[in-house]
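Inspection log for the structure reproduced underneath, given as structure tokens.
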Amino acid sequence: MEFVGEHLLPGQLGHFFAILSLVASLTATIAFFKATNTIDLNQKNSWLRLARVSFLAETISVLAIFASLYFIISSHLFEYKYAWQHSSRALQVEYLLSCFWEGQEGSFMLWSFWHCVLGWVLIWRSKKWEAPVMTVVSFMQFCLASMLIGIYFFNTKVGSSPFVLLRNEMKDAPIFSQANYLSFVKDGNGLNALLQNYWMVIHPPILFLGFASTIVPFAYAIAGLWTKDHKGWTRPAIPWAAFSGGILAVGIMMGAAWAYESLTFGGYWAWDPVENASLVPWLVMIAGMHTNLIFKSSGYSLKSTYVFYLLSFMLVLYSTFLTRSGVLGDTSVHAFTDLGMNTQLILFLLVFLVPAFTLYFLRSKEIPTILKEENTYSREFWMFIGALVFFLSGMVIIVTTSLPVFNKILSTKWAVGDDPEGFHNQVQVFVAIILGLLTAITQYLKYKDTPRKYLFKKIMVPTITAVLLSAAISIWGGIDYNKKGIGFLIAIHLAVFAAVYSIVANAGYIWLVMRGRIKAAGASVAHVGFALVLLGILISSSKKSVLSYNTTGMSPLKIGDKESPLENITLVKGVSTDMGKYMVTYKGDTLNQKDRKRYYEINFVKKTDKETFSLYPDIIENNKGSEGVTPNPDAKHYWNRDIFTYLTFLGDPSKIKANDTSSFKNNEVKIGDTLFYSNGIMVLNKVVVNPQNERYNFTASDTALALDISIISKDGNRYNSQPLLKVVNGTVVKVPDTIMAQSLVIQFNQVKNQQKGLLELGVKETSGVLDFVTLKAYEFPFINVLWLGIMVMVVGMVMSIYQRLKTNVKLVSKTEKPVTKSTDKIAQV
């Protein structure tokens, strides 16, 4: 059958270049391998030329695959399954790139692209290490290319092609029995609602650059084992490890920023398995970078450096299996679904794991090792302890994250309890304490040995300063987190001291020891940034407070729901409602036709200084077969805090009838009076001073008046309402009450005549369902310290990379001069 309207050429080109990428990367791997093992200089250069040409063909192929798929997606060619599954005509242009990495095939393509970029930098800069290092990179490219071909070998499918046609993947669907089936395929499934955020345009490319960069220290370590040059590889590996650590940190925290702005767990980190899978390789990479520095300066810890660099890359591959095998589908909000590639993913891990560690164990006796133990007053001793803490922290995280894997293999039901976030926090707070102290003190130590008098003299002022500053934060900072008991609270205060100590000590090191030579202080700057991250996490998390405590007594939520009715406030449209520090009003909602999100205007008025602002949390309809809507938060940013809001329940505005009473009808009443409303009567029973019940808990020192009102509907149901007036900072505040079942809002307006007992009662009635929203609001104090810390840490790492590269260039130029002179003499002879 000849199908009408199909555009087959883009897919055919894409598939051709996918095959070419596979062949070119395999050719490059073989050529770089031969160049490494060839002694003859002419043959070596010949193999290198072939390898570079092959890698160029690989690079062109990857770019062509990208271009083909982008054309398919942007042109809305829904005959291709990838375009139909991940995009739609209504999708904004800026989110078309996000369609790439929503699917597994696109993320593999992105990973491969970054290897091409890094490969050319290595070809340009790595000199004698080019051949062995690029052998590893090219073989990795071959493995990634195999993920995209989607070809059957002996009835076994290898990879998953993004260029398959929809009709070939759904052959049994009746629609594809018609030649003009495309006339019925009007639109695609669209991009996942959670991914329609600007962070998801830039976060995945940065994170995958971080993942891709871990192969470079790994490849240098393999090259060192392969060529038996156990010392030479460590120097060029240091700036690459710093680069990988810096980029991974940026990528991880971009993900945290996306979670903060798009997800509704009320924060930036929830110890989600996918978050953990990206964090652990970073922890191990940082451990490896520090042991690498130890070896460069003291000769210790070379074996540890090998192990950490090998494991960091292996953990990236393992996280690839975790997030793409479907094993985390029930435990993570952003794991991929199973594409039936589990066997290939396991082989992907094993094909690197087994040869790498086999080579390591074969060469382990040849690796230089200093048998003498390090001096406990030496920098290398405590740097190694810090690296070990990073490593062990990562192992705790990855083991608990892998419990679904263990359960699947062993048919067990292991878990970390009902509160995995609390478990991780209680473990990692002690890691924060240790790392804060180590990053504070270790730089003041010298390699080999440090005179005690020198150490105590230099560290005394930063120590006293840190004690005073952290004590001030603990005493006046209001850190009183009590959800995990007094022991955890003490640990938080100790961690605050450790973070402050690290900031002060590293800043002091720049001025007291380095005499203000900031250009050479990259490590200290990075440590300051890391300590700011710790401090920001500790303060913003431990001082995070709920603002939206239910003051109205009404809630569509129930005890036991994911969201507690006690911590969510229900706002009726147009009714100003007391929310602690603020009076809050739901003004209305608007549908944005461009991004298809419905924005809800929530107006805030601060009670103390009358500051006014509006927030616009939104919802977007779920797609891809999911029902309901996805809420997205909105936040008001101050220099010292964020007000963070999201919607937890929505009324149905479509059910509100046109004759809805838009304002309160005021009535003069006395105790015992009866008022009529459309569905029954209400009786004012009494006035209560400073009520104390399940809704209110006023004391004798407060000033509040509540009306006790009985409501009896036509069908005989009885309800109780308690609107009240209260005095807050000298201002009278109205707190209305809502009887949702009767669509009534009752408000105590004022005492009109105290002597006559005359009161004014406002009644707002709808003829249908109330237009309301239920809101969750948090206050995050000093969260900007966290974001500032990330920026400072990355700046410090960039400074360190620059300094290392500069040093390496000088060393290379020194070693090349004698060689040049000798060559000239030989030429003369």
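The values are calculated or read from the model by the stated rules, or taken from the named source; none is laboratory data. Being a predicted model, the structure only gives us computed values, none of them experimental. For neighbour counting, all protein chains shown are included, and Cβ atoms are generated from backbone atoms with ideal geometry for every residue, glycine included. For the accessible areas, the whole protein counts, side chains as well, though only heavy atoms, and no ligand, DNA or RNA atoms are used. Shrake-Rupley method; radii C 1.70, N 1.55, O 1.52, S 1.80 Å.
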> Within the set of pairs 6+ apart or on separate chains, which have a first residue in segment 802-813 that is of a type outside the set (A, V, I, L, M), a second that is at pLDDT below 80, and C-beta atoms under 9 Å apart?
Replying inline: none
> Could you say which residue among Ile510, Ile559 is free of Cβ contacts under 8 Å to residues at least 24 places away in the same chain and not in a helix (DSSP H, G or I)?
Replying inline: Ile559
> If you check Lys446 against the conditions, is it open to solvent by 60 Å² or more (accessible area, probe 1.4 Å), assigned to a loop (DSSP other than H, G, I, E, B) and over 21 Å from Met793 (Cα atoms)?
Replying inline: yes
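This table checks each residue for (1) under 25 Å from the mean Cα position of the chain (by Cα); (2) in a helix (DSSP H, G or I); (3) crowded, with 16+ Cβ neighbours inside 10 Å.
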{"site": "Val354", "(1), (2), (3)": "no, yes, no"}
{"site": "Gly386", "(1), (2), (3)": "yes, yes, yes"}
{"site": "Lys413", "(1), (2), (3)": "no, no, no"}
{"site": "Gly417", "(1), (2), (3)": "yes, no, no"}
{"site": "Gly422", "(1), (2), (3)": "yes, yes, no"}
{"site": "Asn425", "(1), (2), (3)": "yes, yes, yes"}
{"site": "Gln428", "(1), (2), (3)": "yes, yes, yes"}
{"site": "Leu435", "(1), (2), (3)": "yes, yes, yes"}
> If you check every pair at least six apart or on different chains, which have Cβ atoms under 6 Å apart with a residue in segment 436-453 that is touching a residue at least 12 places away in the same chain (Cβ under 8 Å) first and a residue that is open to solvent by less than 20 Å² (accessible area, probe 1.4 Å) and among the β-branched types (Val, Ile, Thr) second?
Replying inline: Tyr444/Ile459
> Any chance segment 466-474 includes a residue that's surrounded by fewer than 20 Cβ atoms within 10 Å (Cβ to Cβ) and over 22 Å from Asn640 (Cβ atoms)?
Replying inline: yes
> If a residue has to be more than 23 Å from Phe321 (Cα to Cα) and not acidic (Asp, Glu) to count, how many in segment 378-424 make the cut?
Replying inline: 14
> Within segment 572-606, restricting attention to residues that are within 27 Å of Gln196 (Cα to Cα) and among the aliphatic types (A, V, I, L, M), which residue is least open to solvent (accessible area, probe 1.4 Å)?
Replying inline: Ile602
> Would it be correct to say that Tyr501 is assigned to a helix (DSSP H, G or I) and in contact with a helix residue (DSSP H, G or I) (Cβ under 8 Å, 6 or more places away or on another chain)?
Replying inline: yes
>> surrounded by 19 or more Cβ atoms within 10 Å (Cβ to Cβ), modelled with pLDDT of 95 or more and polar (S, T, N, Q): which single residue out of Ser98, Ser68 fits that description?
In response: Ser68
> Being more than 37 Å from the chain's Cα centre (by Cα) and surrounded by fewer than 17 Cβ atoms within 10 Å (Cβ to Cβ), is that true of even one residue in segment 17-30?
Replying inline: no
> Which residues, counting only those in segment 213-233, are touching a helix residue (DSSP H, G or I) at 6+ places or on another chain (Cβ under 6 Å), open to solvent by less than 10 Å² (accessible area, probe 1.4 Å) and part of a helix (DSSP H, G or I)?
Replying inline: Ser213, Ile215, Val216, Pro217, Phe218, Ala219, Tyr220, Ala221, Ala223, Leu225
> Hey, among Phe139, Phe113, which residue is open to solvent by 50 Å² or more (accessible area, probe 1.4 Å), closer than 20 Å to Leu50 by Cβ, assigned by TED's automatic domain parsing to the domain that holds Leu48 and hydrophobic (A, V, I, L, M, F, W, C)?
Replying inline: Phe139
> So Ser160 fits all but one of (1) in a helix (DSSP H, G or I); (2) more than 29 Å from Arg596 (Cα to Cα); what number is the exception?
Replying inline: (1)
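Is it the case that segment 706-714 has a residue that's open to solvent by 70 Å² or more (accessible area, probe 1.4 Å) and not charged (D, E, K, R)?
Among the residues of segment 706-714, not one is open to solvent by 70 Å² or more (accessible area, probe 1.4 Å) and not charged (D, E, K, R), which makes the answer no.
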> Hey, among Val798, Val809, which residue is open to solvent by 70 Å² or more (accessible area, probe 1.4 Å), more than 30 Å from Val575 (Cα to Cα), in a helix (DSSP H, G or I) and modelled with pLDDT under 90?
Replying inline: Val809
> Could you say whether any residue in segment 455-463 is open to solvent by 60 Å² or more (accessible area, probe 1.4 Å), closer than 20 Å to Phe497 by Cα and in contact (Cβ under 8 Å) with a residue 60 or more places away in the chain?
Replying inline: no
> Got a sec? Which of Cys116, Cys99, Cys143 is under 16 Å from Thr27 (Cα atoms), assigned to a helix (DSSP H, G or I) and under 26 Å from the mean Cα position of the chain (by Cα)?
Replying inline: Cys116
> Of the residues Lys372, Lys365, Lys408, which single one is outside any helix (DSSP H, G or I) and either of a type in the set (Lys, Arg) or modelled with pLDDT of 95 or more (or both)?
Replying inline: Lys372
> Does at least one position in segment 715-732 carry a residue that is within 23 Å of Phe649 (Cα to Cα) and aliphatic (A, V, I, L, M)?
Replying inline: no
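Taking segment 773-792 on its own, how many of its residues are in contact with a helix residue (DSSP H, G or I) (Cβ under 9 Å, 6 or more places away or on another chain), assigned to a strand (DSSP E or B) and surrounded by 24 or more Cβ atoms within 10 Å (Cβ to Cβ)?
Adding up the residues that qualify gives 1.
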> Can you name the number of the only condition in (1) in contact with a Ser or Thr (Cβ under 8 Å, 6 or more places away or on another chain); (2) farther than 19 Å from Ala531 by Cα that Ala440 fails?
Replying inline: (2)
